[in-house]
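Engineer: Got a structure here, written out as structure tokens. Questions coming.
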Amino acid sequence: MSLRDRHEQGAHSVGMFEVILTRRKRFGWRWQVCDQSGKIFADGFDRTRPAAKYHGERALFFLLSQAYLRNRSAASSED
């Protein structure tokens, strides 16, 4: 496997996520946790922007912690 192939393979295994906050007219704020391609992993609504930011970041943290635990579990089962 060439260095370029390894780099491309690594780029696919590492995902970037972001929390997007959107103002809704009368309903408050919508939050979404998305990846680079726009796939939504979690979403919800809150009345205030701080609450939406908190819940979006909380969902992102939970998503990342679950991925870490899953990877750690897989690595320990290979030993």
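The values are calculated or read from the model by the stated rules, or taken from the named source; none is laboratory data. Bear in mind that the values here come from a model prediction, so they are computed numbers and not experimental data. Glycine gets a Cβ as well: all are built from the backbone with ideal geometry, and neighbour counts include every protein chain shown.
Engineer: Out of segment 25-42, which residues are under 16 Å from the mean Cα position of the chain (by Cα) and surrounded by fewer than 16 Cβ atoms within 10 Å (Cβ to Cβ)?
Structural biologist: Asp35, Gln36, Ser37, Gly38, Lys39, Ile40, Phe41
Engineer: A follow-up question, please. Could you tell me whether segment 24-32 includes any residue that is modelled with pLDDT under 95, touching a helix residue (DSSP H, G or I) at 6+ places or on another chain (Cβ under 8 Å), on the phi < 0 side of the Ramachandran plot and among the aromatic types (Phe, Trp, Tyr)?
Structural biologist: Checked segment 24-32: no residue is modelled with pLDDT under 95, touching a helix residue (DSSP H, G or I) at 6+ places or on another chain (Cβ under 8 Å), on the phi < 0 side of the Ramachandran plot and among the aromatic types (Phe, Trp, Tyr).
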